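Peer 1: Structure provided below as structure tokens; questions to follow.
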Amino acid sequence: MNKVSEHRLSCDILVAGGGPAGLSCALAAARLGAMVILCQDRPVLGGNASSEIRMHIVGATGLRGGVALETELREGGIVEEIRLDLAVQNPQRSPSMMDLLLYDKCRREPNLRLLLNTSIDGAEVADGFVRSARATRSSTEDRFVIEAKTFVDCTGDGRLGVETGVPFRHGREAKDEFGELLGQEVADSRTLGSTILFQARKHDRPMPFVAPPWVRRFRPQDFRLRPFGKPGSDLGLEYGYWWAEWGGCLDTIKDNERIRDELLAVVLGVWNHIKNESGHDVANWALEWFGFVPGKRESRRFVGQHVLTEADVFQSRAFPDAIAYGGWPIDTHPPEGVDAPDLPPCEQHHLPWLYDIPLRSCLSAGPANLMFAGRNLSATHIAFASTRVMATCAAVGQGVGTAAALALRAGVAPAEIASNEKLMRAIQQRLLRDDCYLIGVLNQDPGDFVLKATTVTASGSQLGAGPEQVRSGQTRSVHGRPGKVPARLEGNLWDDVLKEASGGRVADEEVTSAPPDRARPGLHRWMSDPAQGLPAWLEIGWSSPVDVAEIGLVFDTGQHRHLTLSQADGYTATMQWGCPQSETVKAYQIEARVDGGWLEVAREENNYRRLRTHLLAKAVRTDALRITVVSTHGLDHARIFEVRAYG
């Protein structure tokens, strides 16, 4: 008797992979009305950020973050929503609570079906389109054939795309193939290595550690460029040792079991050295946790309609089909990992400008209805070294999910989206509406009543932050400081980290900003007058009444700062964690003027989010809206980036 059950499922969009890219993709598409199935091969969501691996989510804020009112670099949209939720709902910094929060977001979406512990292992392609994907859930002895109109591979390893026959790259290109200064002299198949993290905790008594006989042995000089137990950032023992990296000289897919075994020997060998050989005062420290799933940095990269290159990233090339942005340094690692102790563990090249990530780098050069997002997008090894970080992957995922949903609504195949100017404009405008940032792209949504308002006034404002700023079309400052000298590809930011870890100071901190020709300098928010105190109000008026059914607000959440769940105490100390962000409006009310009188249509007493969308039970015919800010989470004045109103 065959105990394996066969199931046929259908949906609009199948998303394979539940890391930050796949989760954001699935949520974005489902929230726009598409019926979505999300397949994740692990028991939890989050990928490298999950409790199984515990890497903190980083992105365009880079190593040092930005500058208030100048370079607000943190990604918006769904990944910002997740970060703000975690900061408030998970003050204890529990990795499992993050698993739960991501799972909860999926369960709350009526258009999204989540299949955990379910691995994609096959696909049917006919007439240039993917018709179905096969998946297996061994834990319940179930097999699935999933039919969809659009398929999105966010698996990291490209499991779905490979089954469809789409071409991919693996390893490092020669520098002359794409004219990349940081490329290899000769192409090879090597990649960044994988890592297993550990965490340690200090107790009130000595905690001995006896190493198994198979652990790696390390010498003090092995840690010269890879220090441990240093205050600040992510070098403390409570977050273990990030540079337990190995496997880049192997196949990180086929050899993953061998890589895991060796990484366990490395991790326990590092801990054995710290505890029993280093001479540090660590007698009361003990291992609290270590992973059994390698955090994988690199494997396959698909070949799409455009291959993102070093020049695209470093020169911040403008793309008309941009769906996200990046800003993390070009961050390569020696494939040998800990086997190359005399090489820096990373070469981190500062990027002077934020850069576009085009949709064409997420569109298959094979089947017409296959898309991808995350670390497997179409890029060279050098460009990938920046795009690979998880906040960037999440931003790309939301862009792809939005594009997939709107293309289905328009009846356009994914392969044709980028060449459809009208559809691309609609996708970009939708991303802005959902609080994503696109470099130099302004809100020009024809349905937004606020853009057509005749007056925008306020109870008071600060210089350069008047009420008209709420319809400037941009919801952050990214212009940086005047006279900035563009960075060069020479130099390694890791040298600065080592200097600071040794007690030194870094003189010239380089901060990424938007390229000058697309930065649009300004505060881009209304800031009330602190001398007048709170409450403070903002009023939008029309010469003729409009029927308002939806009101959107974007608040300040301090996007110049780092904000991410991390097990590193020093890194977390740079954030406002365990609480709402101090810049954010806490209590407010929205009123509509109807027949000369004010009618309350929405009220919030304890907001902490950046994007708030109020759907009214019934459209209100009004000639004015008034937002009254009653309190914030810390500032002495109100800040509102944007107000939108729709029928």
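Peer 1: Would you mind telling me which numbered condition in (1) part of a loop (DSSP other than H, G, I, E, B); (2) surrounded by 14 or more Cβ atoms within 10 Å (Cβ to Cβ); (3) among the hydrophobic types (A, V, I, L, M, F, W, C); (4) touching a residue at least 12 places away in the same chain (Cβ under 8 Å) residue 250 fails?
Peer 2: Against the list (1) part of a loop (DSSP other than H, G, I, E, B); (2) surrounded by 14 or more Cβ atoms within 10 Å (Cβ to Cβ); (3) among the hydrophobic types (A, V, I, L, M, F, W, C); (4) touching a residue at least 12 places away in the same chain (Cβ under 8 Å), residue 250 comes up short only on (4).
Peer 1: Name the residues in region 399-411 that are in contact with a helix residue (DSSP H, G or I) (Cβ under 6 Å, 6 or more places away or on another chain) and either acidic (Asp, Glu) or open to solvent by 10 Å² or more (accessible area, probe 1.4 Å) (or both), would you?
Peer 2: Correct list: 406, 410.
Peer 1: Can you name every one of the strands (runs of 3 or more DSSP E) wholly within region 98-204 that holds 3 or more residues which are surrounded by fewer than 16 Cβ atoms within 10 Å (Cβ to Cβ)?
Peer 2: 119-126
Peer 1: Can you report the number of residues in region 428-464 which are of a type in the set (Lys, Arg) and free of Cβ contacts under 8 Å to residues at least 60 places away in the same chain?
Peer 2: Looking only at that region, the number is 0.
Peer 1: Being within 24 Å of residue 293 (Cβ to Cβ) and of a type in the set (Lys, Arg) is the filter; apply it to region 37-72 and report the residue that is nearest to the chain's Cα centre (by Cα).
Peer 2: Among them, the one singled out is 54.
Peer 1: List every residue pair whose Cβ atoms sit under 6 Å apart, with the two residues 6 or more apart in sequence or on different chains, where the first one lies in region 132-157 and is at negative phi and the second, anywhere, is surrounded by fewer than 20 Cβ atoms within 10 Å (Cβ to Cβ) and among the aliphatic types (A, V, I, L, M).
Peer 2: Pairs found: 132/145; 134/145; 143/4; 144/9; 146/9; 157/253.
Peer 1: Considering region 1-17 alone, what residues qualify as being assigned to a strand (DSSP E or B) and not polar (S, T, N, Q)?
Peer 2: The answer is 6, 7, 8, 9, 11, 12, 13, 14, 15, 16.
Peer 1: So, residue 312, is that one of a type in the set (D, E, K, R) and in a loop (DSSP other than H, G, I, E, B) or not?
Peer 2: Spelling it out, it is not the case that residue 312 is of a type in the set (D, E, K, R) and in a loop (DSSP other than H, G, I, E, B).
Peer 1: Would you tally the residues in region 512-546 being over 25 Å from residue 447 (Cβ atoms), part of a loop (DSSP other than H, G, I, E, B) and touching a Leu at 6+ places or on another chain (Cβ under 8 Å)?
Peer 2: Residues meeting the conditions: 5.
The values are calculated or read from the model by the stated rules, or taken from the named source; none is laboratory data. What you see is a predicted model, and the numbers here were worked out from it, not measured in a lab. We place every Cβ from the backbone using ideal geometry, glycine too, and count neighbours over all the protein chains shown. Keep in mind that these areas ignore ligands, DNA and RNA; they rest on the heavy atoms of the full protein, side chains included. Shrake-Rupley method; radii C 1.70, N 1.55, O 1.52, S 1.80 Å.
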